[in-house]
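Novice: The structure's right below; bear with me while I get my questions together.
Taken together, the values in this text are just the output of simple stated rules run on the coordinates, not laboratory data. In this text the structure is predicted, and so the values were computed from the model without any measurement. Cβ placement follows ideal geometry from the backbone for every residue including glycine, while neighbour counts extend to all protein chains displayed.
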Amino acid sequence: MSDNMQHPQQKTGAVQTTGHSWDGDLQEYTNPLPRWWLWCFYGTVIFSILYWFVYPSWPMGKGWLKGYGTVDYTITDKASGKLLEKKDQPWNTRALLLEDLGQAANDPKRKEMLAKVQAATPEQIVKDPQIMEFVRSVGKGLFGDNCAACHGQGGQGVVGLYPNLTDNDWLWGGSTDKIQETLVLGRKGFMPAFGAVLKPDQLDDVAEYVLTLSSEAKPSEASERGKAIFQGQIGGCYYCHGADGKGIASVGSANLTDKIWAIVNVPAQKTLQDKKAQIAGFVAKGVNNTRIMPAWQNRLSPTDIKLLAVYVHQLSGGK
C-alpha cells in the first residue's frame, strides 16, 4: 500500500526519488536515462525515417511506398549469352537477386572457367580436377534450376514418370555425347498400345516372358507362349527391344534383361501375379505423350549444355 506523504526536499547529491513511498519505506528512484541510450534511441528513430524513404515501406492505397533506392541489372539470353535489356528498378528482393545473378555471370574467373569448358572435350574435362570441381559446382545449380523439377534434386527420378539418372540404365545412351544430344534435341518416348491387338491371356503370357528375361520369373509354358508373341509378328516386340530384349538406344527402348524398371514398378510388387498385372497393364496401354523431355537448345547456351551433360554423366558414376 502506498501513502501520499511527501518527503522533505532531498539533499543535493543524494539519490533522487519521486518523493512518494510505499509501505512506509519503499521508494522509487528518478534516475535519468543514460545519455548514450538516449542517443541510440534517437538514432533508431532517424534511421527508421530514412528507411521509409529509401526502401519499400508503408502501404498506400492499392500499392506501397516504393522508396528512392534502385537496383541496376541486366537481362541476357541464356542460349546465346547476348545482352537483351538493362533495367533500373526500385529496390526489391527480386531485382536484387537478378543483380547478384548478373554479377556472378560476369565474374572474370567464372568466364575463364566457362571458356575452358567450351574449349575442352568431355573426356578432357573429366581428367582435369580443376575443371571438374567447377563443373560439379555450376552443374549442381544448373541441374537444380532446370532438371530437378522432374528428375529430383539428386537425379533419382520418379518411377513411371521421370528416369533415374544415378544408375547406369540409359534409354537413349549414357555417353556424354548422347546425354548432350538428349539435352539439345529433347526426347519423346513412344510405345504402341497392344490392348486392342492382344487378348488378356496373351498379355499375361507376354508379361510372364518379360519377367523371365530379368529372372523375375522362371520359364514356363505361359512364358513360352509369351516368347512366341514377343518374337513373332503378332506382338513384334523384338523390333524395338531387340531379339535378346536388351533394348535399342537409337529408338529409346528399354532393356528388359536387367532389374531396372523405369516405368513399371515391378520391385514394389510382392507376388508374381501382381508383377504380371503391372506389366500387362502397361503393354495394353502403351506410351504416348507421357514420356516427353523438352529440348534445351533454345533455353541454355551450348557451353551450359556441355557442362550439364558432364555433370549428369557423373551422377551415374561416369560409366
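Novice: Give the angle, between 0 and 90 degrees and rounded to the nearest 10, that separates the Cα long axis of helix 93-105 from the longest principal axis of the Cα atoms of the chain.
Specialist: Between the helix axis and the principal axis of the chain, the angle is about 60 degrees.
Novice: Between residue 33 and residue 100, what is the spin-label point distance in nm, taking each point 7 Å from the Cα along the Cα→C-beta axis?
Specialist: 3.5
Novice: Label-point separation (nm) for residue 272 and residue 153, each offset 7 Å from Cα along Cα-to-Cβ?
Specialist: 4.2
Novice: Quick check on packing: order 219-225, 272-278 by the mean number of other C-beta atoms within 10 Å, highest mean leading. Don't jump to the answer; show the numbers that get you there.
Specialist: Working: 219-225: 14.6, 272-278: 17.1.
Packing order, densest peptide first, comes out as 272-278, 219-225.
Novice: Considering amide H positions built from the backbone, and no H for Pro or chain starts, which residues 5 or more places from residue 19, or on another chain, come under 5 Å of its amide H?
Specialist: Under 5 Å from the amide H of residue 19 lie the amide H atoms of 28, each far enough along the sequence or on another chain.
Novice: Can you work out the Karplus-derived ³J(HN,Hα) for every residue in region 22-27? Use 6.51 cos²θ - 1.76 cosθ + 1.60 with θ = phi - 60°, whole Hz, and x for glycine or proline.
Specialist: 10, 6, x, 9, 8, 10
Novice: Related question: By how many degrees, between 0 and 90 and to the nearest 10, does the Cα long axis of helix 108-119 differ from the longest principal axis of the chain?
Specialist: 0
Novice: If you don't mind, there's one more thing I want to ask. From the list [x] 1.78; [y] 1.84; [z] 1.22, can you say which value of Cα Rg over 2.2 N^0.38 Å was derived from the structure given?
Specialist: Step by step, Cα Rg over 2.2 N^0.38 Å for this structure corresponds to label [x].
Novice: Along region 226-231, what does the Karplus equation 6.51 cos²θ - 1.76 cosθ + 1.60 (θ = phi - 60°) give for ³J(HN,Hα), rounded to whole Hz, x for Gly and Pro?
Specialist: Result, ordered by residue: x, 5, 4, 6, 4, 8 Hz.
Novice: Between residue 88 and residue 287, what's the calculated FRET efficiency when r is the beta-carbon distance and R0 is 51 Å? Round to 0.05.
Specialist: On the way: r = 49 Å, r/R0 = 0.97.
Efficiency, rounded to the nearest 0.05: 0.55.
Novice: In the structure displayed, which of 199/246; 111/188; 188/227; 87/111 lie more than 32 Å apart, Cα to Cα? Intermediate values should be presented prior to the final figure.
Specialist: Numbers: 199/246 25 Å; 111/188 34 Å; 188/227 27 Å; 87/111 22 Å.
In this structure, 111/188 lie more than 32 Å apart at Cα.
Novice: Angle check, please: helix 176-185 long axis (alpha carbons) against the longest principal axis of the chain (alpha carbons), in degrees 0 to 90, nearest 10.
Specialist: 80
Novice: For region 284-296, in order, what is each residue's ³J(HN,Hα) by Karplus, 6.51 cos²θ - 1.76 cosθ + 1.60 with θ = phi - 60°, in whole Hz (x at glycine and Pro)?
Specialist: Ordered by residue, 3J(HN,Hα) equals 5, 8, x, 10, 8, 6, 10, 10, 10, 10, x, 7, 10 Hz.
Novice: Of 29, 238, 42, which has the largest mean-square fluctuation in a 10 Å C-alpha GNM of the chain?
Specialist: Result for the chain, Cα springs under 10 Å: 29 fluctuates most.
Novice: Can you give the calculated 222 nm mean residue ellipticity of the chain, where each DSSP H run of n ≥ 4 adds -39,500 (n - 2.57) and the sum is split over every residue, rounded to the nearest 500 deg cm²/dmol? Let's see the in-between values first.
Specialist: Details: 12 runs with 140 residues, N = 319.
About -13500 deg cm²/dmol.
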